[in-house]
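Visitor: If you scroll down you'll find the structure; I have some questions about it.
The values are calculated or read from the model by the stated rules, or taken from the named source; none is laboratory data. These numbers come from a predicted model, not from an experiment. As a convention, Cβ positions derive from the backbone with ideal geometry for all residues, glycine included, and neighbour counts pool all protein chains shown. The area values use the complete protein model at the heavy-atom level, side chains included, leaving out ligands, DNA and RNA. Shrake-Rupley method; radii C 1.70, N 1.55, O 1.52, S 1.80 Å.
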Amino acid sequence: MKNMLKDALILFIITLISGAALGLVYDVTKEPIAKQQQLAKDAAYKEVFADAEKFEEIAMKPDLAPEDLSAYAAEQGYGASIDGVASAFDGSGAQVGYVITVTSHEGYGGDIQFTMGIRNDGTLNGVSILSIAETAGLGMRAGEVLVPQFAAKQIETFETSKAGAAADHQIDAISGATITTDAFVGGVNAGLSCFREYLAQEGGVSNE
């Protein structure tokens, strides 16, 4: 009995010391990790808003959070969620647009997450993929085939074209990967829809 109590005490002390050590390591590494995460996030934002000098995560309106935007996107029939929104500012400090992080849940191989930069007038600067797990040689070509087609377009709603894009609002589908294309296009449309509903300023966007 005496040995059992001794062993239990030793185990308790070891656990206590380990817990304290882990807490110390967390406190020491918390700030550097957060800094690296912010740098990675800013780099992703810069991909879609190259002329912006600063980005700030925002609450779009009082009591409005990304989950509210996700709910709105779902109401519009999009299988995508909004993970975050940041304001983009130029060198003079003027707010010039937004970066929206979107996850499409309709990919062939799972979720597809990307950022999209939108100017105040509704012009889509571009799209940058953060994570994707589609079929090699097919859906994984999204960055090569789909991403360039969205750049510098002021469109309200995009659509997939299997016969070749004949208008600005049409996106030429990846051959053999229509599901991936539809998921990507739907995710972009979800972001644009939320922009128009909650973020757009005067000027609006074109509706082709």
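Visitor: If you place +1 on the Cβ of every Lys and Arg and -1 on the Cβ of every Asp and Glu, how big does the dipole about the Cα centre of the stretch 74-196 come out, in debye to the nearest 20? Display every interim value, and only then the final one.
Guide: Values: 5 positive and 13 negative charges, 29 e Å.
That gives the stretch 74-196 a dipole magnitude of about 140 debye.
Visitor: Gly126's amide H: which non-local residues (gap 5+, or another chain) put their own amide H closer than 5 Å, with H modeled 1.01 Å from N in plane and none for Pro or chain starts?
Guide: Gly117, Ala152
Visitor: Sticking with this structure for a sec: Name the residue from Ala152, Phe184, Ile171 whose Cα lies farthest towards the positive end of the charge dipole of the stretch 94-195, charges +1 on Cβ of Lys and Arg and -1 on Cβ of Asp and Glu.
Guide: Looking along the dipole axis, the top candidate is Ala152.
Visitor: Go ahead and run the numbers for FRET between Ala163 and Ala71, Cβ-Cβ distance against an R0 of 41 Å, rounding to 0.05. Don't skip to the end; give the middle numbers.
Guide: Numbers: r = 35 Å, r/R0 = 0.85.
Plugging the Cβ-Cβ distance into 1/(1 + (r/R0)^6) gives 0.75.
Visitor: Which of the residue pairs Lys41/Lys153; Lys46/Lys153; Lys54/Lys162 have a Cα-Cα distance greater than 28 Å in the structure shown? Walk me through the numbers before you get to the answer.
Guide: Details: Lys41/Lys153 24 Å; Lys46/Lys153 18 Å; Lys54/Lys162 38 Å.
With Cα atoms farther than 28 Å apart: Lys54/Lys162.
Visitor: If I stretch the segment between Thr178 and Glu156 completely, what's the gain in nm (0.36 nm per residue apart, minus their alpha carbon distance), one decimal?
Guide: On the way: separation 22, 0.36 × 22 = 7.92 nm, distance 2.11 nm.
Extra length available between Thr178 and Glu156 comes to 5.8 nm.
Visitor: Give the carbon-plus-sulfur fraction of the accessible surface of the stretch 84-208 in %, rounded to a whole number; probe 1.4 Å, heavy atoms of protein chains only.
Guide: Solvent-exposed carbon and sulfur of the stretch 84-208 make up 46 percent of the total.
Visitor: Follow-up question, since we're still on this one. For Glu134, Glu197, what's the largest-to-smallest order of accessible area, 1.4 Å probe? Kindly include the intermediate steps, with their values, before the conclusion.
Guide: Numbers: Glu134 15, Glu197 95 Å².
I get Glu197, Glu134, largest accessible area first.
Visitor: Now for a separate question. Taking the dipole about the Cα centre of the stretch 57-208, with the C-beta of Lys and Arg at +1 and of Asp and Glu at -1, give me whichever of Ala71, His105, Ser128 is farthest to the positive side.
Guide: Toward the positive end, the furthest listed residue is Ser128.
Visitor: Further question: Skip the ligands, DNA and RNA, and give the accessible area per residue of the stretch 68-142 with a 1.4 Å probe, whole Å².
Guide: Values: 2770 Å² over 75 residues.
With all protein chains present, the stretch 68-142 gives 37 Å² per residue.
Visitor: Here's a follow-up. Could you check the spin-label model distance between Thr15 and Thr135? Points 7 Å from the Cα along Cα→Cβ, value in nm.
Guide: 5.1 nm
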